[in-house]
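The structure appears right after this line, and notes come after that.
The values are calculated or read from the model by the stated rules, or taken from the named source; none is laboratory data. For clarity, every value in this text was computed on a predicted model and none was experimentally measured. Note: ideal-geometry Cβ built from the backbone for every residue, glycine included; neighbour counts use all protein chains shown. Just so you know, the surface numbers come from the protein's heavy atoms only, side chains and all, with ligands and any DNA or RNA stripped out. Shrake-Rupley method; radii C 1.70, N 1.55, O 1.52, S 1.80 Å.
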Amino acid sequence: MMNWQETLTVFQRLRELQAKERPAVLATVIAIKGSAYRRPGAKLLIEDDGTLLGNVSGGCLEQDVRERSLALLECGKGEVVHYETSGDEDALWGMGLGCVGEVDILLQPTRTWSAVLIDEALGLLQGSSTLTITQSLPPEPSILAIQRAEEGQVTGLTEKAFTERLDPPPTLLVFGGGDDALPMVQQAHGLGMRVCVVDHRPAYVGEGRFPPGVKQVERRPEAGLEGLPVGRDVYAVLKTHAFTIDQKWLHQLLESEVAYIGLLGPGKRRDELLADVDRPDLSRVFGPAGRDLGGEGPPLVGASILAE
């Protein structure tokens, strides 16, 4: 989930740099052994002025990756760097990182990657198909390929290339954009989910209310679900705080394929919302929505629903 959104963000920035004819290096975790903060596919973009976007560790490797990458900009060649983050004080620059693992990171200058290719990649990353991204390994010339995955393809490393499988992130579909929705939307967006907020009140789906990238739709239930994400990888939460509107949306969601329908409020409200529903299987309906995390207030309610 995080890798997909991280890749999208990195490629968007890479395209901006290309438009300005500024070089950069893409650092990618390609192999780990033992304990590691990030898994293969994690990315860090190093710009020509040293600016970083993304991460390949918990912060212990980024500075060295940055220095190595800036040096590579001069020669234009890629390399694979091996880090051993053991507990030995002298194992890594005398820093004693103590992660007890090994990490291989591919550093690949992006100057040979065409703008057309990056645009194609961005188009695919806006879609809903499982993808693969393949990068050649040094001493081979720097090559990038991104395409829809074939059945059975997985993330893997060969002598000549690293291929990463990317599965599209799930979507959180929130009906109700009130103030209590803000923390949950922000948390879900930060976790890498796609988020769509639907509300019949214009003030609750206004520009700048939610993080960039969050889709906002002004709509009443009478307009239906057309155009909204309602597939099997979608998790819906009803929180308009208007009983009739929640009930109308609930009836429509029950006819869709969404995997989860969360209802805010106590069990009594759930029963009233479902009073006129004649369906044998309501296993997708969760109310009161959320795990019991022992707290209160919108941030913890949002976290409890995402945990569920």
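Some points to look at:
- Accessible area per residue for the chain, computed on protein heavy atoms with a 1.4 Å probe, is 49 Å².
- Basic side chains Lys and Arg get +1 at the Cβ, acidic Asp and Glu get -1 at the Cβ, and with that the dipole of segment 1-150 about its Cα centre reaches some 520 debye.
- Sorted into 5 angstrom bins from 0, the C-alpha pair distances of segment 206-263 split as 4, 16, 27, 26, 19, 8, 0 percent.
- Contour minus Cα-Cα distance for residue 130 and residue 226 (0.36 nm per residue): 32.2 nm
- Farthest positive-ward along segment 216-308 dipole, Cα basis, beta-carbon charges - from 283, 298, 234: 298
- Computed over the Cα atoms of segment 100-197, pair by distinct pair, the Kirkwood hydrodynamic radius stands at 16.1 angstrom.
- Counting all C-alpha pairs of segment 1-77, share separated by more than 13 Å (%): 65
- Counting only DSSP beta bridges whose two residues both lie in the chain, roughly 65 percent are antiparallel.
- For segment 191-308, average projected area of the Cα convex hull in nm²: 7.8
- Rg and Dmax [Cα atoms of the chain; Å; Rg one decimal, Dmax integer]: 22.7, 70
- Computed over all pairs of different Cα atoms, the Kirkwood value for the hydrodynamic radius of segment 1-158 is 16.2 Å.
- For segment 199-285, a simple Cβ point-charge model (Lys and Arg +1, Asp and Glu -1, everything else neutral) yields a dipole of about 320 debye relative to the Cα centre.
- Summary of packing: across the peptides 222-234, 59-71, the per-residue average of other C-beta atoms within 10 Å ranks them, highest first, as 59-71, 222-234.
- Think of the chain as having a plus end and a minus end, set by charges on the Cβ of Lys, Arg, Asp and Glu; of 28, 101, 174, 174 sits farthest toward the positive end of this dipole.
- Taking 0.36 nm per residue of separation and subtracting the Cα-Cα distance, full extension of the segment from residue 13 to residue 159 would add 49.6 nm.
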